[in-house]
Amino acid sequence: MERRDVRGLLQAGLRRFRGGREEGHAPGDRQARVVAIAARKGGVGKTTTAVNLAAALVEAGQSVFLADLDPQGHVASALREVARPGPVPLSEVLLADRPRDVLDAAIESGLPGLWLTAPDKGLGDAESRLTGRVGRETILQAAMATARTRYDTILLDCPPMLGNLTLNALLAADAVLVPCDMSILALEGVADLLDLVVTVRERLRHPLDVLGVLRTRVDGRNKSLNDEVGQALADNFGDLLLDTVIPVNSALAAAQSAGQSIFAFRPRSAGADAYRALAAEMGRRLG
Ligand SMILES: Nc1ncnc2c1ncn2[C@@H]1O[C@H](COP(=O)(O)OP(=O)(O)O)[C@@H](O)[C@H]1O
Ligand SMILES: [Mg+2]
């Protein structure tokens, strides 16, 4: 190798070694509760829950940051009436050479009190590129230190697999909320997720709470399925089951298609009432 090349390489390496942190964000005076919304299955209502729980908390006067860790970007489409484009995608924060702040990716939405991340297809790439990086599980945790002082609640909407992105969310969170629709497959997914919670606690030494298992898309008319799955849920998860139940409610699906929260779309609906109740139960459980 030529001498000049060696010098160039050294300089690049030392620049990273010597350089200080990026210009920081000013800390606030809040102490956020951070909740990851995760399940090892798609279509169980993770995003519907993330979006409408965030909106319910904002309605109750909180300042909320909702980060979308799913490359599908459904949070921004479900809230496209208030979502705004942002300069820094979340994947850039996760993949940066030097520690970055998640606040770089937080954008104030059109709903006062609610901050979002932009839809980010790069998260798909981040999922695989994180593999093999030293300390990859705690990148988001480290990037959230200042954000924790700026919001009352931070919600992390996870992709439907238990990979690097979900692991980052669990390590950044104080508690995990696990939506489960009334299907056997979803039940298995909950068991896998709780298994991962144990790994996070014991092997990665992060004191992650389970906020609870949330029954979603419960169809009151399908009594035999409800009884069967309901019994299995009660037997297996006991007091981890939340009292709040989210019913099948066509207004929830229609609100998502319209790009609005249920509170903007149909504030007096069974779906809106259920998510208000969830926000209140979450407050009680987190103390
Ligand atoms: N309680 C509900 N009632 C009716 N439709 C629902 C309900 N919850 C979710 N949906 C619909 O089901 C689909 C999947 O929900 P979503 O929240 O995107 O799931 P996930 O994020 O777990 O993949 C969406 O079209 C959504 O509108
Ligand atoms: Mg989703």
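Just so it is clear, none of the values below were taken in a lab; they were calculated from the coordinates. What you see is a predicted model, and the numbers here were worked out from it, not measured in a lab. Neighbour counts are summed over all protein chains in view; Cβ atoms, including those assigned to glycine, are modelled from backbone coordinates with ideal geometry.
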In the range 149-161, residues that are away from ligand 2 (no atom under 12 Å from the Cβ) and farther than 13 Å from residue 115 by Cβ total 1
Would you please name the residue that is nearest to the chain's Cα centre (by Cα), looking only at residues in the range 22-44 that are in a loop (DSSP other than H, G, I, E, B) and buried (at least 24 other Cβ atoms within 10 Å of the Cβ)? 38
Might you let me know whether the range 129-137 holds any residue that is in a loop (DSSP other than H, G, I, E, B), buried (at least 16 other Cβ atoms within 10 Å of the Cβ) and touching a Ser or Thr at 6+ places or on another chain (Cβ under 7 Å)? no
Pairs, please: C-beta under 8 Å, at least 6 apart or cross-chain, first residue without any contact (Cβ under 8 Å) to a residue 12 or more places away in the chain and in the range 189-209, second outside any helix (DSSP H, G or I) and exposed (fewer than 14 other Cβ atoms within 10 Å of the Cβ)? 201/207
Give 193, 165, 177, 204 a once-over and let me know the one that is buried (at least 22 other Cβ atoms within 10 Å of the Cβ) and in contact with an Asp or Glu (Cβ under 7 Å, 6 or more places away or on another chain). 165
With respect to residue 120, is the statement that it is farther than 23 Å from residue 175 by Cα and in a helix (DSSP H, G or I) true? no
Flag if residue 213 is among the aliphatic types (A, V, I, L, M), within 16 Å of ligand 1 (Cβ to nearest atom) and either in a helix (DSSP H, G or I) or free of Cβ contacts under 8 Å to residues at least 12 places away in the same chain (or both): no
